[in-house]
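Input: one structure, supplied below.
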Amino acid sequence: MSAMRRSVSEAFWAMCAADSMSMPVHWYYDINDIRRDFGGWISGFNSPPERHPSSILTLSNTAGSGRTNWSSGAKRANVVGSVILHDKLELWNSSSGSIHYHRGLQAGDNTLNILCSLRVARTLVSRGFVDVSQPDARAAVLSDYVHFLTTPGSHKDTYAESFHRSFFADWQESKPTSPHEVLKFAEERSGMKTSSPFPDCQLDAIGCLPMILPFILLSASANEERAVSAAVEFVKLTHPHPNVPEYVTIYSRALHAVLGGASVREQAEQALRRLDAWDACQSFSRKAAKFSVSSEERLKVHQSAVNYLGMACYNKGALSSLFYLAHEFHDDPKGGILANTNCGGENCNRGAALGALLGAGGAHTGKCIPQEWKDDLRDAQEFIPDILKDIV
């Protein structure tokens, strides 16, 4: 296996591992709840508990983006329960305020966003796209995405974040399904939403990264501009917000460089400088260095850093936290994935992108995630071997 192919492989595995590790404590904003619910800090894959201590699932808008009480104007038809998440509407409407976002998943399962990412990769390699930056590649991916999300029983997750709900709230008006039709719909929708004087802030979120990861990973041998273009042109269709392309570009350049053998630590520093977060991160890094690598005291510094930089989904803060952890764990994918999980907040999508970066770098240095983790990742075991066998 070539060094670059090994880097792509490890990026996929680490992406899935980081998402699955964080899934039971996704959006735990009080990190003490992690220790309480799991008898200590997370150290392996777990099923989600029945109760989520800070769930606001029942406040989420079942007809589109955001929260129910944010919607205005004419009432739109539900997408949850009718177009997507066909058997989950009861949970979204539950009188209980503690429904876990990922009820239905088990230890080693991946969330909906990572399932979508794996399907992106499988579509791109099975269709034989040599250049995944081309419109036909985006069209094929979007057509498969529509089929997957609108097919009852296609996955077990309970939650679909705002970008899914927004996409299908608009999609249900004409219901395009063929690659050409879905691409045309998505491009027209993107143009309207991006130019709106009031863009949807819920789309300027770290959940924009999972589905673009395969476009970068499968462009590892292409030049940087083509790889970045592949990611940016696709994300415009799922997250039509004027800020998103800049953030996706920052991340994509870093991942593409690491796939080619660049230092994770150096790429993280460059990204943090672009995000105006380098000075703050240096301060936390110096504090962390005072404690032993595996100590709880050091973990607490990382938790404080993520809390300061951004625990939530919004891109600037989430990316700052992501690259801080990448810098600190540049040579330790396993440690970085566990730290990300135990920092709480939006740790699934942040973790998936962090995992891809650390996995890609670890392949070049011989620091990979444990084989037992790979063995326990059910969805990854189903997808990744087929994806890799079709990569030249």
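The values are calculated or read from the model by the stated rules, or taken from the named source; none is laboratory data. Predicted model, so just to flag it, every value in this text is computed and none were measured. Because the Cβ atoms are built from the backbone with ideal geometry, glycine has one as well, and the counts that use them run over all protein chains shown.
Six or more apart or on different chains, Cβ under 6 Å: which pairs go from a residue in the stretch 218-243 that's in contact (Cβ under 8 Å) with a residue 40 or more places away in the chain to one that's among the charged types (D, E, K, R) and surrounded by 23 or more Cβ atoms within 10 Å (Cβ to Cβ)? Could you list them?
PHE234/ARG138
Would you mind stating whether ASP390 is among the acidic types (Asp, Glu) and in contact with a helix residue (DSSP H, G or I) (Cβ under 6 Å, 6 or more places away or on another chain)? Give the steps one after another, and end with the answer.
Details: among the acidic types (Asp, Glu): yes; in contact with a helix residue (DSSP H, G or I) (Cβ under 6 Å, 6 or more places away or on another chain): yes.
Yes: the conditions hold for ASP390.
Can you find, within the stretch 189-215, the residue that is surrounded by the most Cβ atoms within 10 Å (Cβ to Cβ) among those that are aliphatic (A, V, I, L, M) and either touching a residue at least 60 places away in the same chain (Cβ under 8 Å) or more than 25 Å from ALA11 (Cβ to Cβ) (or both)? Don't jump to the end; show me each part of the working.
Pass one, the stretch 189-215, residues aliphatic (A, V, I, L, M): 192, 203, 205-206, 209, 211-213.
Still in the running and either touching a residue at least 60 places away in the same chain (Cβ under 8 Å) or more than 25 Å from ALA11 (Cβ to Cβ) (or both): 192, 203, 205-206, 209, 211, 213.
Values: MET192: 10, LEU203: 26, ALA205: 23, ILE206: 29, LEU209: 31, MET211: 25, LEU213: 26.
Result: LEU209.
Working only within the stretch 199-229, note down all residues that are part of a loop (DSSP other than H, G, I, E, B) and either farther than 19 Å from CYS313 by Cα or within 19 Å of the chain's Cα centre (by Cα) (or both).
Correct list: ASP200, ASP204, LEU209, LEU218, SER219, ALA220, SER221, ALA222, ASN223.
A further question on this structure: Does ALA77 satisfy the criteria of being more than 20 Å from VAL25 (Cα to Cα), among the small types (Gly, Ala, Ser) and modelled with pLDDT under 95?
Yes: the conditions hold for ALA77.
So which residues in the stretch 284-329 are aromatic (Phe, Trp, Tyr), without any contact (Cβ under 8 Å) to a residue 60 or more places away in the chain and touching a Leu at 6+ places or on another chain (Cβ under 8 Å)?
Of the stretch 284-329, the ones aromatic (Phe, Trp, Tyr) are 284, 291, 308, 314, 323-324, 329.
With the extra rule that they be without any contact (Cβ under 8 Å) to a residue 60 or more places away in the chain, the set shrinks to 284, 291, 308, 324, 329.
TYR324, PHE329, listed by residue number.
Starting from the stretch 256-283, keep only residues that are touching a residue at least 24 places away in the same chain (Cβ under 8 Å), then list their pairs with residues that are hydrophobic (A, V, I, L, M, F, W, C) and not in a helix (DSSP H, G or I) whose Cβ atoms are within a distance under 8 Å, requiring at least 6 positions of separation or different chains.
Close Cβ pairs satisfying both conditions: HIS256/ALA220; LEU259/ALA220; GLY260/ALA220.
A further question on this structure: Considering only the stretch 24-34, I want to know if a residue exists there that is over 30 Å from GLU173 (Cα atoms), aliphatic (A, V, I, L, M), part of a helix (DSSP H, G or I) and under 20 Å from the mean Cα position of the chain (by Cα). Lay out the reasoning, then the answer.
Start the filter on the stretch 24-34 by keeping residues that are over 30 Å from GLU173 (Cα atoms), which leaves 24-34.
If we keep only those that are aliphatic (A, V, I, L, M) as well, we get 25, 31, 34.
Pick out the ones that are also part of a helix (DSSP H, G or I) and you get 25, 34.
Among the residues that remain, those that are also under 20 Å from the mean Cα position of the chain (by Cα) are: 25.
Yes, the conditions are met somewhere in the stretch 24-34.
Which of the residues that make up the stretch 273-298 are aliphatic (A, V, I, L, M), closer than 20 Å to THR341 by Cα and in contact with a helix residue (DSSP H, G or I) (Cβ under 6 Å, 6 or more places away or on another chain)?
If the condition is that a residue be aliphatic (A, V, I, L, M), closer than 20 Å to THR341 by Cα and in contact with a helix residue (DSSP H, G or I) (Cβ under 6 Å, 6 or more places away or on another chain), then ALA288 is the only one that fits.
Condition first: over 14 Å from VAL141 (Cβ atoms) and surrounded by fewer than 24 Cβ atoms within 10 Å (Cβ to Cβ). Now tell me which residues in the stretch 216-236 satisfy that.
ALA220, SER221, ALA222, ASN223, GLU224, GLU225, ARG226, SER229, VAL232
Tell me, which residue of the stretch 120-143 that is without any contact (Cβ under 8 Å) to a residue 60 or more places away in the chain and in contact with a Pro (Cβ under 9 Å, 6 or more places away or on another chain) is farthest from SER82 (Cα to Cα)?
Filtering the stretch 120-143 for residues that are without any contact (Cβ under 8 Å) to a residue 60 or more places away in the chain and in contact with a Pro (Cβ under 9 Å, 6 or more places away or on another chain), the one farthest from SER82 (Cα to Cα) comes out as ASP136.
Hey, can you tell me all the residues within the stretch 230-254 that are farther than 19 Å from ALA186 by Cβ and either modelled with pLDDT under 95 or within 14 Å of the chain's Cα centre (by Cα) (or both)?
Hits for the stretch 230-254 are TYR247, TYR251, SER252.
Please find, among SER54, SER65, SER95, the residue that is in contact (Cβ under 8 Å) with a residue 40 or more places away in the chain and either within 30 Å of GLU297 (Cβ to Cβ) or of a type in the set (S, T, N, Q) (or both).
Step by step, each of SER54, SER65, SER95 is checked, and only SER65 is in contact (Cβ under 8 Å) with a residue 40 or more places away in the chain and either within 30 Å of GLU297 (Cβ to Cβ) or of a type in the set (S, T, N, Q) (or both).
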